[in-house]
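The values are calculated or read from the model by the stated rules, or taken from the named source; none is laboratory data. From a predicted model like this one, the values you see are computed outputs, not experimental measurements. Glycine also receives a Cβ, built like all others from the backbone with ideal geometry; neighbour counts cover every protein chain displayed.
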Amino acid sequence: MSQKAHLLVFILTITLVGCQPKSTKVFTEDDITILPKPKELQLNSGGFLFTENTKLIVSKDSQKEVFQFIKNAFKNVSGWDLEFVESAPSKNYIQLNLDDTLPDEAYTLAVTSNHITIKAKDNAGFLYGLETIRQLLPESIESKSIVNGVNWEIPNISVNDEPRFKWRGLMLDLSRHFFDKEYIKSTIDQLAAHKMNVLHLHLVDDQGWRIEIKKYPKLTDVGAWRVDQEDLHWNSRLSVKAGEKGKYGGFLTQEELKEIVAYAASKNVEVIPEIEMPAHVTSAVAAYPELMCFDNPEPVGVPSGGVWPITDIYCAGKESTFEFLENVLIEVMEIFPSKYIHIGGDEATKTNWKICPHCKKRMKNEKLHDVEELQSYFIKRMEKFINTHGKKLVGWDEILEGGLAPDATVMSWRGVKGGLEAASQGHDVVMTPGSHCYFDHYQGPQDDEPLAIGGYTPLSKVYEFDPVVEGMSEEDAAHVLGGQANLWSEYIPTPEHSQYMIYPRIAALAETVWSPKESRDWGDFSNRVKHLFKRYELQGINYAQSAYLISKSTEANLDTKTITLSLQNEFPKADIRYVLGEGELNDDSKKYSTPIKINSTTNIKAGLFLDGKLSGKVFKDTIVFHKAVAHPIEYIKKYSDSYQGVGPYTLTNAVRGTTNFHDGQWLAWLDDDMEAIVELGEEKTISQVALGTMENQGPGIYFPTKVEVLISMDGKVFETVGTIERAYVKNGNPVLKDFAISFEERNTKYVKVKATNLKKAPNGGGTWLFVDEIVIK
Ligand code: TNX
């Protein structure tokens with residue numbers, strides 16, 4: 001090049017650089033909201049500014065794939081088409097450097113004003129480094145359309161990051177409701193963004209078989225479709241006859257599944273298929289009845305809703321069952337390259353196995369003492385088959401019963417007990433306890449949430465999850481592969497609803513399985529997650545804002561006959577404002593700081609204010625005062641230790657329970673009647689007594705069959721003033737009901753209420769009687 005040309009290039013370069021927007025922002029720790037929190041991070045001064053000329057350095061094609069989401073993001077928000085190049089220019093680029101010495105999935109990230117370097121062993125670490133960059137960029141990087149006036153600048157920073165656990169999973173139940181390929185792929189994007197790496201697909205259950213199996217076409221022709229009763233509550237759907245044609249459902253073809261698996265691999269997500277056995281397979285045996293026990297089993301239909309107990313299971317005696325399952329698994333293993341195959345194994349009611357001649361013969365030949373051992377035989381046999389194909393078996397914790405298969409990995413869902421036991425036997429475990437990991441549970445005050453299966457697993461509870469539990473030795477802990485959230489979909493019919501249950505709880509879970517335990521800090525997390533909310537919003541994710549909902553707790557004071565009401569919100573330092581009585585709620589309303597004293601019937605409105613703006617739903621409640629409030633109460637029959645409410649005065653504290661029977665406002669009696677005496681102290685004139693109750697037949701809670709009210713002046717001799725009787729009616733929904741008994745005005749000092757427990761449950765099991773208040777007027 002001539003000297004002149006040199007000069008020209010120099011001038012051009014100066015002009016071009018001069019045209020670029022300048023880095024102006026001074027970054028502080030508060031600007032860094034990376035979630036899950038990195039292991040080590042140091043903020044330096046200055047920043048790196050992305051421009052149209054920022055180059056993405058790639059040394060092989062697969063790195064292009066890793067870069068793709070960042071490239072797409074810039075295309076969306078700025079119209080830039082960031083260029084891939086093979087060698088680094090002098091500045092303004094991102095490079096990916098291979099470093100064999102780093103652990104699996106780890107990465108280091110060095111951002112300087114000149115360029116960005118990510119080091120990792122392979123694409124997994126590069127991907128996570130880039131996901132971190134994405135979270136350092138302004139939130140509007142998530143926008144789907146052009147954003148003007150934003151400097152795409154990130155702070156100079158050095159990060160050294162790696163996961164605490166190698167199994168960081170989410171399970172999607174595709175059976176109870178069907179979710180298609182597009183939704184699954186978009187979920188994979190989100191898993192990667194949260195640095196999660198396992199997608200467990202629950203492909204088989206009673207209400208639908210969701211994977212194409214070429215050798216057994218009826219599995220999807222018949223088993224993937226059920227009679228549409230979506231308008232009814234899950235547990236009130238009518239039973240379906242064998243052969244009734246269904247319209248609700250769907251399945252994934254092998255081609256679609258392969259596409260999902262390949263896509264997931266590009267995002268460092270391993271897809272693990274679950275093929276349930278021996279129970280939760282009504283859809284399969286509806287297609288092939290000969291898989292059930294006995295010689296000529298009664299055919300069944302694909303159920304449209306809840307089935308309990310699950311008795312239509314595979315026969316463990318017939319050789320043909322194993323032949324079928326092996327053929328199915330051969331096709332499954334061709335689709336899924338995963339190291340693990342999940343075989344379910346949960347909740348089998350083995351009544352048929354006890355009497356089926358084939359099962360009895362098997363037990364005799366194999367010297368098995370009971371049906372538990374027969375299940376264990378079943379699973380061990382499947383394990384052998386899976387192992388010969390170079391794969392490992394994973395199953396729900398029931399596979400421990402009757403003896404664990406030699407090399408099995410246990411997914412502990414009924415609490416952590418199964419996990420503890422399996423780890424102490426030297427088996428690997430994945431922790432998914434219902435208490436912290438069941439995303440089908442409620443996440444906010446039940447009355448404000450869409451119908452869910454029950455439970456209560458708010459964001460803060462998920463954040464308390466730890467896969468390594470008390471009682472584990474260091475050796476046991478080494479067997480804990482990690483943790484997983486499970487989203488069972490009985491009550492989740494749509495992708496939007498599924499998102500609502502997953503986000504933001506997955507963010508809390510991600511931090512528990514990725515970040516070092518020592519760095520866990522709820523206050524800090526709650527600040528960071530609010531930034532993530534803005535990203536979700538821009539991405540069009542229907543995330544839950546339940547953590548903003550206000551809930552109350554109350555205390556009755558027997559001496560002053562008053563109620564103190566506390567308001568709370570999941571996030572710390574919340575600005576809650578409230579109004580008692582009528583009046584409008586706004587940012588000028590009284591700020592809540594200490595519990596509120598209440599001594600008469602009162603309406604309350606409260607709201608959470610963020611930057612002076614009302615956020616989330618307004619909390620509304622009425623505390624109804626009545627003649628029993630804050631009066632002592634004696635229980636002739638003591639309530640259960642499992643439901644003690646706020647103690648004995650739960651029934652006279654003016655605070656009503658919700659349909660969430662764990663909300664701490666209920667007393668309950670199991671298989672027994674309730675009988676209690678309220679002491680009014682001085683003589684009072686009364687004309688109505690109401691008993692607050694609930695019914696939720698799924699978990700065995702029934703209305704009383706009879707309520708009786710008696711009065712007395714001396715607490716010894718009682719006179720009946722009224723009774724109500726009510727026969728059992730099948731009911732799929734949780735409902736609250738006051739059994740109110742009115743009578744002519746009477747003067748009395750004591751009121752006794754008796755309520756009769758149903759005692760004999762239509763489906764077997766215990767019967768609970770739940771009571772939240774005795775309202776005396
Ligand atoms: C139990 S967790 C099940 C599922 C249900 C879930 C509902 C497990 C292994 N079995 O079949 O969908 O409860 O929360």
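Observations on the structure shown:
- Selection within the range 249-305 - over 30 Å from the mean Cα position of the chain (by Cα) and assigned to a loop (DSSP other than H, G, I, E, B): Y288, C293, F294, D295, N296, P297, E298, P299, V300
- Qualifying residue in the range 240-256 (condition: crowded, with 18+ Cβ neighbours inside 10 Å and out of contact with any Lys or Arg (no Cβ under 8 Å at 6 or more places or on another chain)): no
- Complete set of residues in the range 446-472 that are at pLDDT below 95 and within 15 Å of the ligand (Cβ to nearest atom): L451, A452, I453, G454, G455, Y456
- Listing of helices (runs of 4 or more DSSP H) fully contained in the range 492-562 that carry 2 or more residues being among the aromatic types (F, W, Y) and out of contact with any His (no Cβ under 9 Å at 6 or more places or on another chain): 522-539
- Residues of the range 420-445 satisfying the condition of being more than 13 Å from the ligand (Cβ to nearest atom), small (G, A, S) and not in a loop (DSSP other than H, G, I, E, B): A422, A423, S424
- Residue match in the range 319-333 (condition: over 21 Å from E274 (Cβ atoms) and out of contact with any strand residue (DSSP E or B) (no Cβ under 9 Å at 6 or more places or on another chain)): yes
- Answer residue from the range 380-422, given it is touching a residue at least 40 places away in the same chain (Cβ under 8 Å) and among the β-branched types (V, I, T) and is nearest to F439 (Cα to Cα) among those: V416
- The range 730-762: number of residues that are part of a loop (DSSP other than H, G, I, E, B) and of a type outside the set (A, V, I, L, M, F, W, C): 9
- Selection of the range 199-226 for residues being assigned to a strand (DSSP E or B) and more than 16 Å from the ligand (Cβ to nearest atom) yields L199, I211, W225.
- Number of the exception - I330 against (1) crowded, with 19+ Cβ neighbours inside 10 Å; (2) aliphatic (A, V, I, L, M); (3) free of Cβ contacts under 8 Å to residues at least 60 places away in the same chain: (1)
- Residue, farthest from I776 (Cα to Cα), within the range 577-598, restricted to residues that are in contact with a Ser or Thr (Cβ under 8 Å, 6 or more places away or on another chain) and surrounded by 14 or more Cβ atoms within 10 Å (Cβ to Cβ): R577
- Residue within the range 345-357 that is within 16 Å of the ligand (Cβ to nearest atom) and among the hydrophobic types (A, V, I, L, M, F, W, C) present: yes
- Among all residues of the range 422-437, there is at least one that is among the aliphatic types (A, V, I, L, M), out of contact with any Cys (no Cβ under 9 Å at 6 or more places or on another chain) and closer than 24 Å to D370 by Cβ.
- Filter pass, D407 being at pLDDT below 95, away from the ligand (no atom under 15 Å from the Cβ) and in a helix (DSSP H, G or I): no
- Only one of V307, V240, V269, V281 that is over 29 Å from G169 (Cα atoms) and of a type in the set (V, I, T): V240
- Filter result (among the hydroxyl-bearing types (S, T, Y) and outside any loop (DSSP other than H, G, I, E, B)) within the range 717-729: T720, T723
- Criterion (touching a residue at least 40 places away in the same chain (Cβ under 8 Å), part of a loop (DSSP other than H, G, I, E, B) and more than 16 Å from the ligand (Cβ to nearest atom)) met by exactly one of S113, S140: S113
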